[in-house]
Amino acid sequence: MERNLPMLKSSISRRLTIYSLVLIILPLLICSIYMVDYFYKINIQDKTSSLENQAKTVAAISHIYFEKKDNADMSLLQAISSDTGLRITLVNTSGEVVYDSSHDSESMDNHEDRPEIQNALHTGIGSSIRHSETLQKNLLYVAVPVYDNGVLLGVSRTSLSITPLEKSYDSMRNNILFIFFAVTIIAISIGMILTRRFTNPIKQMTLDAQKIINGDLSTRMRINTADELEFLAAAINKLTSRLLRKINDSQAKAHTLSLILDNMDNAVILLNENGLITEANKQAKDMFKITPDIIKTYSINFIGNTVISDTAKTCAQENKNKKITLRIKLGATEKTFIVFFAPFTSETKQSIVCVFHDISLMQEITDRQNIFVANAAHELSTPLTSIKGFSETLLDSDLTEAETSRHFLKIIYEESCRMQYLVKNLLQLAKLNSNDYKKQVATTNIDCTDALKKIIKTMTPFLEQKGQFFETNFSSENLVIKANPDLFTQIFINLIENAVKYSPDKGKLLLACSRDKDKAVFTIKDNGVGIAKTDIPFIFDRFYRSDKSRARQDIGGSGIGLSLVKFLVELFSGKIFASSELNKGTTFTIIFPLQRNIDS
Ligand code: ADP
């Protein structure tokens, strides 16, 4: 368990063990030392007081030995010494040894400097423990003064070997030391067991906490100590659960947010305070080709427009939302964006969110609408100017010149027909453009050959006006397509009208219909003026005319017809193509899907 714990300078168990040992052993040690010392001192005191009494007794009878030194009978003192085991020494005031029960006094040193002698002479009693050089033992000396009729004669000293006392002191010290060490070992063992019991749950909690810190939020502390630790473990478990819930919640929110961000139409880029790209959603990555190595290393300027970084800087400085419209070149195309900038601060760092709202389509629609309105206004104003001019001329004249008046009225009529044609076509286009109308267009199976034959019948008088004629080449197969019969007819009438219009008198118009796999292929071919190759890609655009000056002379030449034709062809899932050669003729090819299960 210990090996998985982090390196700690001091563990609780070590500290607790040391504290408890200090608490137990230190008083024990002090107590032991005190007791041994006390025992020794008491014994010494005891011995000292008994030696003092004995020294006093000797002093009471020893004054005679100081006076008759040379011939004194020392047998009494010798008897006392051998009976009591005491060593008796008599020392005169000069320090000379008068008598010693253990040694020849003549050969002994002067004892004046002995501390017990000095003290006895000056204070009335003296004692000391010293190693006797004479007896080669540690002795306890006690000395008292000896008086004779108030005259100080010397000192009576009794001494006793303290070796037995020292031996019993050593034995007692050894016993106490043994008990002390035994108690210490027992205390350490019990202390360690108790400490471990106390610290094991803490170690377990530390390990669990380590797991939680390392990110394993499923870890729970299982502590059953029924004390504050259990309460602490339960509190940590609650905190961990709450943290896990919060993390899960924020992860779910972050996931939802990233899903929204990645699936929204707008490109979103996050910039840091230095204008570096720090995040980008899928749309932004795809649109601006933001690769992982660009993130955090490239400035937003890499998109190709410094206005973005300038606006982002202002937005950060002013801490205000900003909005700009700008065009950005993306490969071969150029797109228009409204870019929203919003500053925000996270962890003291400022960032800016840039949302790129692509308005290219809206812009294109607006541009087209403007062009359309301008073209329509222009197309209408031409005949209107003409009508107004000729009407004014007629009003100013007295209408006497019938021929001229008729000519002017004819022009007014033709111009008004042209206007009517244009307005009619525009209305039809607008109507067809509405989704509701498209849904309402009823379709039915159309037999192609039958339908074309009817169209030829209707249009033949029109061709004959210019001495032109139809040539046909219809498939023998029964080709059936699905379309609205009136609108199908209108497609061909428009194309035939153009062919007649742009072909010389007595020209030939080929109308063919064949099958190509599951498609019906229609061809309208004239031998007229043709269309320049450069104009062909634009002839289906509204108001487009390959030869404006020429077309304007003809009634109905407004550049709307072919765009209406294309629109109608595509309404019935068809396709239309044009091929032409100047002054040789033009061919329009229309392809419609054939209806299934209908065979010739
Ligand atoms: P318009 O009313 O001017 O004929 P369209 O949309 O029908 O308008 O035709 C657009 C232009 O395409 C015409 O102005 C004309 O220049 C050219 N065009 C169409 N059909 C033919 C054709 N059969 N031969 C030559 N030019 C044609």
Open item on the list: Applying a 10 Å radius around every beta-carbon, put 140-148, 299-307 in order of their mean neighbour count, most first.
Closed with: 140-148, 299-307
- [ ] Using only the C-alpha atoms of the range 11-215, find the volume of their convex hull and express it per residue in Å³.
- [x] 150 Å³
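Please give the per residue volume of the convex hull enclosing the alpha carbon atoms of the chain, rounded to a whole number of Å³.
Details: hull volume 217.0 nm³, N = 600.
Spelled out: Cα convex hull of the chain, divided by residues, is 362 Å³.
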Open item on the list: Test of understanding: ordering 364, 112 by Cβ neighbours within 10 Å, fewest first, what list do you get?
Closed with: 364, 112
Task: Dipole magnitude of the chain about its Cα centre (Cβ charges: Lys, Arg +1; Asp, Glu -1), debye to nearest 20 - done: 3340 debye
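Taking the radius of gyration and the Kirkwood hydrodynamic radius from Cα positions alone, what is the Rg/Rh ratio for the range 471-528, to two decimal places?
1.01
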Task: Test item: Cα-centred dipole of the range 315-385, Lys/Arg +1 and Asp/Glu -1 on Cβ, debye - done: 260 debye
TODO: Using θ = phi - 60° and the Karplus relation 6.51 cos²θ - 1.76 cosθ + 1.60, list the HN-Hα couplings for the range 367-379 in order, rounded to whole Hz, with x at every Gly or Pro.
DONE: 4, 5, 4, 4, 5, 4, 4, 4, 5, 4, 4, 5, 5
Open item on the list: Taking R0 as 25 Å, what FRET efficiency do you get between residue 306 and residue 334 from their Cβ-Cβ distance, rounded to the nearest 0.05?
Closed with: 0.90
Open item on the list: Given the -39500 (n - 2.57) contribution per DSSP H run of 4+ residues, what per-residue ellipticity at 222 nm results for the chain, rounded to the nearest 500 deg cm²/dmol?
Closed with: -17500 deg cm²/dmol
Task: Amide N proximity, the range 358-380 versus residue 433 label position 7 Å along Cα-to-Cβ, cut-off under 17 Å - done: 361-380
TODO: In whole Hz, with x marking every Gly and Pro, tabulate ³J(HN,Hα) for the range 271-286 from phi via Karplus 6.51 cos²θ - 1.76 cosθ + 1.60, θ = phi - 60°.
DONE: 10, 8, 4, 8, x, 7, 6, 10, 8, 7, 7, 4, 4, 5, 4, 5
Task: Furthest towards positive pole of dipole, 111, 158, 186, structure part the chain, Cβ charges - done: 186
TODO: For each of 335, 508, count neighbouring Cβ atoms within 10 Å of the residue's Cβ, then give the residues from fewest to most.
DONE: 508, 335
TODO: Multiply the residue gap between residue 226 and residue 403 by 0.36 nm, knock off their C-alpha separation, and tell me the result in nm, one decimal place.
DONE: 51.3 nm
Task: Approximate spin-label separation residue 493-residue 393, in nm, with each point projected 7 Å along Cα-to-Cβ - done: 3.2 nm
Task: Inter-label distance for residue 217 and residue 423, nm, one decimal - labels placed 7 Å from Cα along Cα-to-Cβ - done: 7.2 nm
Open item on the list: Placing +1 on the Cβ of each Lys and Arg and -1 on the Cβ of each Asp and Glu in the range 40-178, which of 176, 125, 59 has its Cα farthest towards the positive end of the resulting dipole?
Closed with: 176
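Where the only charges are on Cβ atoms (+1 Lys, Arg; -1 Asp, Glu), what is the dipole of the range 25-89 about its Cα centre, to the nearest 20 debye? Before the final figure, lay out each step's value.
On the way: 6 positive and 7 negative charges, 20 e Å.
With only Lys, Arg, Asp and Glu charged at Cβ, the dipole is about 100 debye.
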TODO: Give the peptides 394-402, 345-353 in descending order of average Cβ contacts within 10 Å, highest first.
DONE: 345-353, 394-402
Open item on the list: Skipping prolines and chain starts, which residues have an amide H placed within reach, meaning under 5 Å, of the one on residue 478, given they are 5 or more residues away or on another chain?
Closed with: 600
Open item on the list: Testing the spin-label approximation: label points 7 Å from Cα along Cα→Cβ at residue 56 and residue 323. State their distance in nm.
Closed with: 12.1 nm
Task: Fraction in percent of alpha-carbon pairs per bin - 5 Å, the range 264-358 - done: 3, 15, 27, 28, 18, 7, 2, 0, 0
Task: Estimated FRET transfer efficiency when R0 is 51 angstrom, pair residue 152-residue 181 (beta carbons, to 0.05) - done: 0.40
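In which sequence would 437, 169 go, from the one with the fewest C-beta neighbours within 10 Å to the one with the most?
Starting with the residue having the fewest Cβ neighbours, the order is 437, 169.
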TODO: State the answer as a single residue: which of 490, 441, 507 lies farthest towards the positive end of the charge dipole of the chain, with beta carbon charges of +1 for Lys and Arg and -1 for Asp and Glu, about the Cα centre.
DONE: 507
Task: Computed log₁₀ I(q)/I(0) - Debye formula, equal Cα scatterers, no solvent, the range 363-433, q 0.14 Å⁻¹ - done: -0.56
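Each reported figure results from applying straightforward, stated rules to the coordinates on display, with no laboratory input. The structure presented is a predicted model; accordingly, all values stated were derived computationally and were not measured. All Cβ positions, even for glycine, are placed from backbone atoms using ideal geometry, and neighbour counts span all protein chains on display.
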